[in-house]
Structure formats: structure tokens, C-alpha cells
1. List the pairs whose first member sits in region A:218-237 and is in contact (Cβ under 8 Å) with a residue 40 or more places away in the chain, whose second member is among the polar types (S, T, N, Q) and assigned to a helix (DSSP H, G or I), and whose Cβ atoms are under 8 Å apart, counting only residues at least 6 apart or on separate chains?
2. Working only within region A:230-248, note down all residues that are within 14 Å of chain B (Cβ to nearest Cβ) and among the small types (Gly, Ala, Ser).
3. Being more than 14 Å from chain B (Cβ to nearest Cβ) and crowded, with 18+ Cβ neighbours inside 10 Å is the filter here; which residues of region A:293-322 pass it?
4. I'd like the residue in region B:43-66 that is modelled with pLDDT of 95 or more and surrounded by 20 or more Cβ atoms within 10 Å (Cβ to Cβ) and, out of all such residues, is nearest to the other protein chains (Cβ to nearest Cβ).
5. So if I check each of A:40, A:12, A:22, which one is farther than 27 Å from residue A:236 by Cα and not acidic (Asp, Glu)?
6. Is it fair to say residue B:14 is over 14 Å from the mean Cα position of the chain (by Cα) and either assigned to a loop (DSSP other than H, G, I, E, B) or within 26 Å of residue A:245 (Cα to Cα) (or both)?
7. Before we move on, is residue B:29 within 12 Å of the chain's Cα centre (by Cα) and of a type in the set (Gly, Ala, Ser)?
8. Give A:352, A:346 a once-over and let me know the one that is closer than 19 Å to residue A:60 by Cβ, away from every other protein chain (no Cβ under 14 Å) and in contact (Cβ under 8 Å) with a residue 12 or more places away in the chain.
Amino acid sequence: MSAALTPGHSDVDATVVGGGLVGLAIALGLQDQGRRVVIVDEGDIALRASRGNFGLVWVQGKGDTCADYARLTRLSARQWRAFADDLTDATGIDIQLSQIGGLYICLSDDELQQRQQMLASMRLEHNDDYPFELLDHTALKAKVPAIGPTVAGATWGPEDGHVNPLLLLRAMVERFLQRQGQLLTCGPVTRIEPITGGFRVHAGKQWNESTKVVLAAGLGNKTLAPQVGLSAPLQPNRGQVLIAERVRHFLDYPTGHVRQTGEGTIQCGDSKEDVGFDCGTTTDVLATIAARAVRMFPLLEQVRLVRSWGALRVMTPDGYPIYQQSEQYPGAYLVTCHSGVTLAAAHAGPIAAWIDSGQHPDDFALETFHGQRFSV
Amino acid sequence: MASDSAFKRLPANPAAVVNIWVEGQPITARAGESVAAAVLAAGLGPTRTTPVSAAPRAPYCMMGVCFECLMEIDGQPNSQGCMTQVSEGMQVRFQQGAREPLENAS
């Protein structure tokens, strides 16, 4: 490349493209290593998976077809408490992390049996080190008295939890700024230019230089990755979410479909649709979500809905993350995943450490998440 | 009955009087008014306490957006006072914190 880092303009160690949960977690992790970091964020016009998600710190069932993903997920869940405490200590924001276990509720016996088989095979693959419990209706009712009479049962994951994702995002931004991080909200990144000794990231007429660049732009990674010799074969997958009025606390544990926040708000979701970049809502899907939620918890029938939204998941073909450094342009990294909440602690920990020093984590094989697996 | 209120009804459009009950007190409202307007005109409130900190609140946006005016109206908790018209004999109570999720599904 012809251009080189501009003297006086290049005291930044890393530019992170994307100021959502993934980008912020990486940025905080790099700051932990003493790096000076700039986040370039598209702004509120971005598709923003971080503002639409369900807030689960979820373990059970994740990585059923990829043992390393299960290990990565569990590693992150283990590190989440320290990550949350650090954020709260530094910012004073209580992000409402609770990790006292979670339930995957199954309406029918068939569903429950399939769920159990899936988790049992994971337990086998992880040499018995994969905690879960099968709860029949009676056992479930004992744990959650509000459960509906027609629910078959649930699987219980003691490592599951949840958090308030909006407070999390806010706390992470504050923590980043506290440590002199620069958050540039300047519209979409239009070009990433590899230059001698680093990268120049253009956003409209603005540009920013650094020795490393990390792509954490969610669905935006698809067009950015090829500019630094990487590939991000991502597709949007829409989830719709329903929010009901605040009611007195009745649900201690998060479930895969319904949870109650620290303030008492009810959140229902878990639809999956392939509808391109349309992040709207549809009555039929919302009705299906609501009907299932009422079957799980009949008391919800008397509770009013106050809003709904759609948001786009960031999905690779196999659903697992890509963590990869460019071979063509070393110093350029791709970090993309669907589970930005669950994996936040891992991103701020071992993944940021890998980007900083090249050191691979012990708990799982990082190579598993190389993007090459999609180019056969 | 009501104390001083900063809100005055305009004389331009005299509507029929509607009698409602607020926390057991009789107040007079006008046909077509919202519960929130009637309560404010009567100088009553705060009309709810928040579920998080129990802070006192009163009607604010008056157009269905802010949810500050939640009251129990004719037995229905968390009702938006600004989106509910007064009717004769209506029973209004202030919303104290989060509502109970009642399991009385028929």
C-alpha cells in the first residue's frame, strides 16, 4: 500500500468498527490491556441488534453441534459475574445480572423428549461435565408456581441467566469513555484502507488511523470484511419481541421465551424469520408469541402489552461466531456472532487478549471459529 | 373535595357534569374529559408510585405515550388515565407500584 500512518494522527492502537455490545466488549478488553481504542459507530440509524435483543446470558443447548462453542459459551458465563461487577463498580449502573439458572419450557411431551435427548448427547460429548435437569410438570410447578396446567415440563440449566441489555450497553459505553476511549458516531464506515503499519478507516469525510482494526459491525461486516481480505457470509434473521406492562414479580428465572426484568416488565420473544433487512413486526407472529406465552403462564392473559419490535440477528451459515485475523492484512480482525450478550465477557476477556497479543485461549480451540469453514 | 389546582377549565365549551370517585372522594368532571384531566383539574395526586423506586408521579404527556398517569380505573389496574374517558360513577384509585398479575383467566 502506498499510504502510511500519518505522524501525529496515529496514536491509536485499535479502531473498532461498531459500537454495539460486541464492539464495546472488545474495546473494553483492549483497554484492559492498556490500549488506546477508538470506536467508530454508525449511529442510531444502524440495525442495532444490541438494542433489540432479549438479554439472556444463556448456556443450555448452545453448541449442540459444536463442542467448542459450548465451551466458549460456558467460559463466558463463568466470567460474566466479574465482568458485570467491574462495570457496576466503575459506572454505578446496576445491569441486573442474575445467574441463578434458567428454564427452557416445553409445551408438549415430544418437545420435552427431544430437548432432553439433545442435552443428554451434549453431556456425553462433554464427558459428563454438562449440567442440566429434566423437570416434569410437577417439578416445574414447584419451581415456578405460575406455570400453566398444559405445559409438559422444562429443562433446567443451572448456568443460565439474564441481564438488562439496554443498561448493559449504557454501562459499557460509560466504562469505555471513562478510560479515555473515543466513541465516534459518524455514520457508516465507507471504506477501510490498509496502509503501511496499520489501517485508515473512512466514515464519509472523516477518517481515523490505527495499527489494528477490529470489525464488529454486525451485519455491516459483510461488506467491510472483503476490504481487509476477510469474508463474513452473514444473513439477517428477524426476531420479534413483545413487551407487557410491569407487574408484581412472579417469575424468578429466565426462560427461552418469556422473562421478567428487574423492574417487573414482561418480555416475550424467540421468533425466527428469514425476511431480509426488514426489522418490522407482524400481527401473526406477535399473536403466536403471545399465545404461547399465555399457555406457559396463564396469568399473562390479563396483562396488557405495551409495545413490540423486531430486530435482526447476525447469523453465519452455521450460527456460530467468526473470530479471525486477516492473513492478507495482519492486524485486521473479524469478530462476529449472534450472542453478543452471552459472549460479552468472553469478548472482553480471552478474545480481546487474543487480538492484543495473539495468545490463544486454553478453554476452547479458537481455530474452530475461523471463517474458512464456509469456503469449501 | 379537591384542593387548589393549577388547571382551569375553559368556559367556552360547557359539557354535561359527570360525577366520578377518586380514592373514595366524589369529584365532578365534564363529559368527554379524560380521567387524567379530571384528576388534575380537581387538584388530586400524585396519581401513582413507580414500581422501581416508589417515586410519586402524576399525568404528564396527556397523549398516551409516557405511562405516568397509570391508575386503577373501575378495577382495571395500570390503566392510562389520559386515554380513558370519564363516565358516571367511575371508581378511580391511584396505582401503587406494580400491579398484581391476577390469575383469573376464564
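1. Listed pairs, sorted by first residue: A:232/A:221; A:234/A:221.
2. A:244
3. Filtering region A:293-322 for residues more than 14 Å from chain B (Cβ to nearest Cβ) gives A:308-322.
Hits for region A:293-322 are A:308, A:310, A:311, A:312, A:313, A:314, A:315, A:316, A:320, A:321, A:322.
4. B:48
5. Numbers: A:40 fails: farther than 27 Å from residue A:236 by Cα; A:22 fails: farther than 27 Å from residue A:236 by Cα.
The conditions single out A:12.
6. Details: over 14 Å from the mean Cα position of the chain (by Cα): yes; either assigned to a loop (DSSP other than H, G, I, E, B) or within 26 Å of residue A:245 (Cα to Cα) (or both): yes.
Here the answer is yes, as residue B:14 does meet what is asked.
7. Details: within 12 Å of the chain's Cα centre (by Cα): yes; of a type in the set (Gly, Ala, Ser): yes.
For residue B:29, the condition - within 12 Å of the chain's Cα centre (by Cα) and of a type in the set (Gly, Ala, Ser) - is met.
8. Working: A:352 fails: closer than 19 Å to residue A:60 by Cβ.
Going through A:352, A:346 in turn, the sole match is A:346.
The values are calculated or read from the model by the stated rules, or taken from the named source; none is laboratory data. Keep in mind that this is a model prediction, so the values were computed, not measured. Virtual Cβ from ideal backbone geometry, glycine too; neighbours counted across all protein chains shown.
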